[in-house]
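Values quoted throughout were computed directly from the atomic coordinates according to the rules given, and no laboratory measurement underlies them. Just so you know, these numbers come straight off a predicted model, no measurement behind them. Positions of Cβ are generated from backbone atoms using ideal geometry, with glycine treated the same way; all protein chains shown enter the neighbour counts.
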Amino acid sequence: MKFPTRAIHVPGVRHEGAVAPPIHLSTTFEHGPANEALGDYEYVRSGNPNVNELEARLASLEGGCAALAYASGMAASTALMSSLEPGSEVLIHRDTYYDTRTIAIELMEPLGIRHRVLDLRDDDELDAALSEKTAMIWLETPSNPRLDVLDVRALANKAHAAGAKLTVDGTFATPAVQQPLELGADYVMHSMTKFMGGHSDIMGGALIFRDDDALAERLRQRRTLSGGVLSPFNAWLIARGLQTLDCRMDRHAANALSIANMLDAHAAVERTNYPFLESSPDCALARRQMRSGGGMLSFEVAGGRDAAIRVASRVRLFVNATSLGGVESLLEHRASIEGPNSMSPDNLLRVSVGLEHPDDLLADLEAALD
Ligand SMILES: *Cc1c(COP(=O)(O)O)cnc(C)c1O
């Protein structure tokens with residue numbers, strides 16, 4: 001079955017004829033007098049019908065052998081990175097979600113897991129960094145906030161030749177737009193707080209495993225112990241969001257392409273970052289590994305930081321807010337939110353393009369840039 005069908009129907013799952021799935025809020029499930037199992041569930045921290053069904057759906061949508069849902073994207077990233085052996089090293093692309101680099105510093109260093117930040121598009125830099133200690137390459141494509149497009153197949157080959165694994169944070173693209181496991185990645189991580197939830201009202205994260213079911217099982221046990229599980233209600237809402245993901249992403253991407261083309265031609269804009277922008281050097285690669293350019297873009301305003309802040313202060317329809325992937329369009333000066341260690345250009349504004357009519361979005365941005 002094709003992606004949109006698999007996003008709507010989970011084979012074999014029946015809810016006593018109910019067309020919409022129920023929410024199971026019970027934290028505990030009956031067992032026999034000596035803890036004999038009477039069903040599949042025991043206690044909510046180790047499993048819940050809504051969470052398990054969501055995981056089956058995620059594994060199917062990404063083409064993986066298993067999936068694990070977490071309370072947030074950061075809980076998922078932390079779980080995967082901290083599974084590496086002490087003394088091993090993670091290579092992280094330079095343009096990566098700010099907090100991913102922060103957990104590498106704050107949480108992994110004390111565990112003896114080292115990292116290096118480098119430009120994974122530079123073969124010489126990558127070859128020099130790879131060593132027998134390299135256990136994982138970690139990247140986002142497209143990346144946050146510069147929308148770098150990285151060659152998943154080529155980097156998977158590099159990682160595997162060095163005996164390492166490749167993790168792709170697919171939050172910006174979602175499985176509706178890009179299938180990293182099919183391109184050779186070993187693990188996909190998602191912040192489901194974004195497009196997958198899709199309505200700016202839930203937090204969740206996921207890991208999907210291509211074939212490493214031993215690691216999936218180990219991380220499932222660790223999650224039960226450490227407790228970073230997704231709540232049943234959030235699992236229910238995310239499953240609901242996934243049913244419309246495919247058509248939402250089409251509209252997000254169509255709107256984003258219209259805006260990127262306008263910005264690219266605008267005199268007040270120095271640079272526009274969007275994977276499917278014809279003038280972008282990333283366009284050919286993006287077309288090979290993505291079904292559309294997705295709903296995220298960023299642009300650099302001529303005139304530096306002050307000019308960028310001025311544009312951000314003049315939008316009326318776009319909301320100045322962090323996060324992304326909801327129905328409403330958001331805009332954000334990344335350097336301001338990332339703080340002192342930010343690697344984002346001072347004049348960069350990141351845009352999460354929503355599902356409003358493109359004419360209204362274009363008019364609002366054009367007026368702000370005037
Ligand atoms: C938001 C985000 C995360 C973190 O996810 P949370 O759900 O906020 O914990 C990780 N990676 C990317 C690319 C993100 O946008």
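Touching a Phe, Trp or Tyr at 6+ places or on another chain (Cβ under 9 Å), surrounded by fewer than 24 Cβ atoms within 10 Å (Cβ to Cβ) and on the phi < 0 side of the Ramachandran plot: is that true of Asp201 in this structure? Taking the combined requirement at face value, the residue does not satisfy it.
Do we find that Arg210 is more than 16 Å from Thr100 (Cβ to Cβ) and in contact with a Cys (Cβ under 9 Å, 6 or more places away or on another chain) in this structure? So Arg210 passes the test. For the range 220-236, the candidate set comprises residues that are under 17 Å from the mean Cα position of the chain (by Cα) and among the hydrophobic types (A, V, I, L, M, F, W, C); within that set, the residue that is farthest from Gly325 (Cα to Cα) is Leu230. Of the residues making up the range 168-217, those that are in contact with a Pro (Cβ under 9 Å, 6 or more places away or on another chain), within 14 Å of the ligand (Cβ to nearest atom) and among the β-branched types (Val, Ile, Thr) number 2.
Scanning the range 90-126 for residues that are free of Cβ contacts under 8 Å to residues at least 12 places away in the same chain and either charged (D, E, K, R) or on the phi > 0 side of the Ramachandran plot (or both) yields a count of 6. Looking at the range 44-122, the helices (runs of 4 or more DSSP H) lying wholly inside it that each contain 1 or more residues that are more than 15 Å from the ligand (Cβ to nearest atom) and closer than 21 Å to Ile238 by Cα sit at 49-62. Remark: pairs (first residue in the range 307-328, under 15 Å from Leu348 (Cβ atoms); second residue within 16 Å of the ligand (Cβ to nearest atom) and part of a helix (DSSP H, G or I); Cβ separation under 7 Å; 6+ apart in sequence or on different chains) = Thr322/Ile337. Among the residues making up the range 127-160, a single one is within 16 Å of the ligand (Cβ to nearest atom) and either free of Cβ contacts under 8 Å to residues at least 40 places away in the same chain or farther than 27 Å from Arg271 by Cβ (or both): Met136.
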